[in-house]
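To keep things clear, I will list the structure first and then write my remarks on it.
The values are calculated or read from the model by the stated rules, or taken from the named source; none is laboratory data. Here the structure is a predicted model, which is why all the values come from computation and not from measurement. Quick reminder, even Gly has a Cβ in these numbers, built from the backbone with ideal geometry, and neighbours come from all protein chains shown. SASA here: full protein model, heavy atoms, side chains in, ligands and nucleic acids out. Shrake-Rupley method; radii C 1.70, N 1.55, O 1.52, S 1.80 Å.
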Amino acid sequence: MLHHKQRKKVDSSVTGKHLTIALAGNANVGKSVIFNHLTGSHQTIGNWPGKTVERAEGTLHFDGYDATIVDLPGIYSFSTFSLEELVTREYIAHEKPNAIVNVIGASVLERNLYFTLQLLDMGIPLVICLNQIDVAKSKGITIDTQKLETILGVPVIPTVASRGKGIHELIQGALDVALDKHETRQNTVKFGDALETRIEKLTGAIESTQLNLGYASRWVAIKLLEGDSEIKKSVGSKSESVIRTSETMAKEIEDIHKESCFAVIASERYSRASQIAADVQRQEKVQATFSDRLDWFATHKVFGYLTAFVVIAGLLLWTFTVGNYLSGLLSHLLSFFESSNPMLTGSIGAILWNGAFGGIVAGVTLVIPFVVPFYFVLAAIEDSGILTRVAFMFDNFMHRMGLHGKAIIPMILGYGCNVPAIYSCRVMGTRREKLLAAFAITFIPCTARTIIILGLVAAFVNIQWALALYAIDLVIIFALGRIALRVVPGQSTGLIMEMHPFRVPYLSVVAKQTWARTKSLIFMVFPIYVIGGAVVQGLYALGWLGPINNALSPVTVTWLGLPLITGILLVFGLIRKELIVLALVPLLGAANFSLFLTQTQLIVLAFVSMLYIPCVATVSALVKEFGWKPAAAISMANLVSAILLGGIAAKLLALAL
C-alpha cells in the first residue's frame, strides 16, 4: 500500500522504520512529477541551509515505512559550476540518504547516463527510474531495461510518471535498495587504460591516507584529477602528498592525450555513456511528428523570434485584458463594504483601518485578476515546452547583459509581480547571474506599475505614450544591464537547458505551479500591503510626512517639474506602487488628473514611478535572496536612474508637448 501524508518528524529509534530517499537527475526528466506523486500536496518547500537553492521535501508511507522524500535540484554533473551541483553532492555525501532514485529521460538516455555514471562512482545505494518511456516509444526508441540493469548493476524501473505508471514498482525498488535486498551489486564503469590505471593508483593512495571526507575514494580521485577546487581544498587540508600525486598524474594524462585532464575524463565518460546506450536501446525509423515540426518552427532563426514575440505579447495581452475586467468587477464588489481610496483626514483609527482595508483590496484586486491569470497561462506555456524555446531564442540577446536565455523566464514573471520573479532567479547558474537578473527585474513594470501607466498616461494622455513607456523601459533595462555587467565581477556561463518535446499541458502540474508562485504573494506581499498601507496613511494624517514634500521639492519640483505633492506620493508608492494613483484622488480632490497636471507631468510621474525604488515587498525579497548590501545597491541604482532619466525626460517633453 502506498499513500502520502503531511510531513512530520519520525523517531526512528522508536519505529525503526524511517528512511530517506532522494530524487536526483537532469532537469525536465519528470523528477518533480514523481515527487508530487509520492508526496501529494503535503510538501515542505524551503531553502538549503545558507543557500538560495530551493529544497523540497515530503513524506511517504509505504509498506509500514515512513520515508522522507527529498527532491534534489536538477543538475547535469557534480562539478562546482553552480550552487545546485554543490548542494546535491554535499547532501548525498554527508546526509547519506538510504537510497538515491536517479530519474532518467528514456528518450535521451545517452545524455542522462553521463550523470548516472558519476552517481555510480560515488558508491551510493542507487535505483534507476527510466521515466518517459511513452515519449521514447513515440520516437521509435525501445530500451532493454534488463540489459541496462545488468550493465550498471542497479535496479532499473520503467515509468510514465505523468500517468502514474510504474510509481509503485519504483518505490518498492527504492525500498529494496535501501534495505539492501537487491540481489545484484553495482558495477564500476571503467575508463580507458591510461586513465583507469591512474584513477586506481590515486584511489589507493587516498584510502591508505584515510582522509575521511565522506565521499567515496574513487570519486574523490576522479574529482582531484579533474581539478575540482572544493575537493582539492578539502584534501589539501589533510594531505598535501595526495594533492601532489594527483597533480603529477593529471599532468601525465594531459601529456598522453594532449588536452586537459578534465576534458579527457568528460570525453571518456561520454564515450562510456554512448556505448551503454547503444548496447541497450534500439532506434526504429519514424516519421517526423507534429511536435518535431513545431520544434523546428519555434527554434528557426526567423520564425523562432516571431514565435517568441507572439508568446510574450499574447501572455501580456491576455493578462491585461482579463485582469482589467476582473479587477473592475472585484473593486466594484468590494466598494459595497467601504471605499478603498486612501483616507487622509478623520480620526486616526478610521485612517488606519482605511489603510489596512485598502491593502486588502489592493491584494485582492491585483493578485486575483492580474497575477493568477498571468501565472496560470505562464505555467501552461512552460509545461507545454514552448517557454524553453523562447529562452533559447533570447540567449544571444541576454548574453549581452551577462545572462543567458533562462533569464527571460524570471523576467517575464516580473510583469506579473517582481517578488516571485526574484525568487525565480534561482534558475540561474551562479550568484552573479542571479544578481544581474534580479537587478533587471526591478526595472520591469509589474501589474501595480502597469496600473500607474494606464491610470495616468493611457487615461489622460493617449495609449501611444503608454506603450512608448514600455518600449523605453526595455531600452533602459538593456542599457543598465550592460553597465551592471561591467560592474559586477565574474564570467558569464553558457546556456544548458533541456528542451522536452511539445505536449498538452497537464492541468494538475499547471495548477500546482500557479499556486507555488502565487502563495509567495499571499504570505509576503499581503501583510506588507495591509500593515504598510495603515502605517503610511497614519503617519501622513499625523502630519509627520508633510515636511517630505518640501524636503524633496528640489528634486520633484525643480528637476522633475512635478507638483509639490509628488513627494508624498512617492513615499506612498514605496509600500504599494498603485497608491501613487489612488492617493492622488484625495490629495487633488478630483479623479480627473488632467485638470491639475499637464501631459508632460503625467508622463514624467508615470515614468519615474516605473523606475524608482521597488516596493517594500520587492526589497524584502532582494534582502532575503542576496542580503542587505546588494538590495541597497539595487534600490539606489533604481532611485538614481529614475531621478536622472526622469529629469532628462521632463526637459525633452517640455519641448515636444
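Structure above, values below:
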quantity: Reference-scaled alpha-carbon Rg (2.2 N^0.38 Å with N residues) for region 94-237; calculated: 1.17
quantity: Rg(Cα) / (2.2 N^0.38 Å) computed for the chain, rounded to two decimals; calculated: 1.09
quantity: Relative contact order for region 112-181, counting Cα pairs under 8 Å that sit 6 or more residues apart, in percent; calculated: 34 percent
quantity: Length gained when the stretch LYS519-PHE397 is fully extended (0.36 nm per residue, less Cα-Cα span); calculated: 40.8 nm
quantity: Radius ratio Rg over Rh of region 553-652, counting only Cα atoms, Kirkwood formula for Rh; calculated: 1.01
quantity: FRET efficiency for GLN186 and LYS301, using Cβ-Cβ distance with R0 set to 51 Å, rounded to 0.05; calculated: 0.65
quantity: For the chain: relative contact order, % (alpha-carbon pairs under 8 angstrom, 6 or more apart); calculated: 11 percent
quantity: Inter-label distance for LEU639 and LEU333, nm, one decimal - labels placed 7 Å from Cα along Cα-to-Cβ; calculated: 4.0 nm
quantity: Pairwise label distance in nanometres, GLU95 with TRP544, each label 7 Å out on the Cα-Cβ vector; calculated: 4.4 nm
quantity: Exceeding the 29 Å Cα-Cα cut-off - candidates LYS223/LYS629; LYS31/LYS139; LYS223/LYS258; LYS165/LYS512; LYS96/LYS233; LYS139/LYS406; calculated: LYS223/LYS629
quantity: Segment ILE472-LYS624, extension gain: residue separation times 0.36 nm, minus the distance between their alpha carbons; calculated: 51.8 nm
quantity: Average accessible surface area per residue within the chain, 1.4 Å rolling probe, Å²; calculated: 43 Å²
quantity: Average Cα contact separation per residue, region 153-195, under 8 Å, 6 or more apart, as relative contact order %; calculated: 42 percent
quantity: Whole-number D in µm² s⁻¹ for region 212-337, Kirkwood Cα-pair radius fed into Stokes-Einstein, 4 °C, 1.567 mPa s; calculated: 61 µm²/s
quantity: Calculated SAXS-style log₁₀ I(q)/I(0) at q = 0.13, 0.15, 0.18, 0.25 Å⁻¹ - region 86-168, Debye, Cα scatterers; calculated: -0.42, -0.56, -0.78, -1.28
quantity: VAL286 - accessible surface, heavy atoms, 1.4 Å probe, Å² rounded to 10; calculated: 80 Å²
quantity: Portion, in percent, of the accessible area of region 388-447 that falls on carbon or sulfur, probe 1.4 Å; calculated: 64 percent
quantity: Region 592-657, accessible surface, carbon-and-sulfur percent (1.4 angstrom probe); calculated: 76 percent
quantity: Efficiency of FRET from Cβ geometry, GLN464 and VAL286, R₀ 51 Å, rounded to 0.05; calculated: 0.50
quantity: Whole-angstrom Cα spans of region 253-321 along principal axes, big to small; calculated: 63, 33, 22
quantity: Hull volume in cubic angstrom per residue (convex hull over the Cα atoms of region 172-216); calculated: 111 Å³
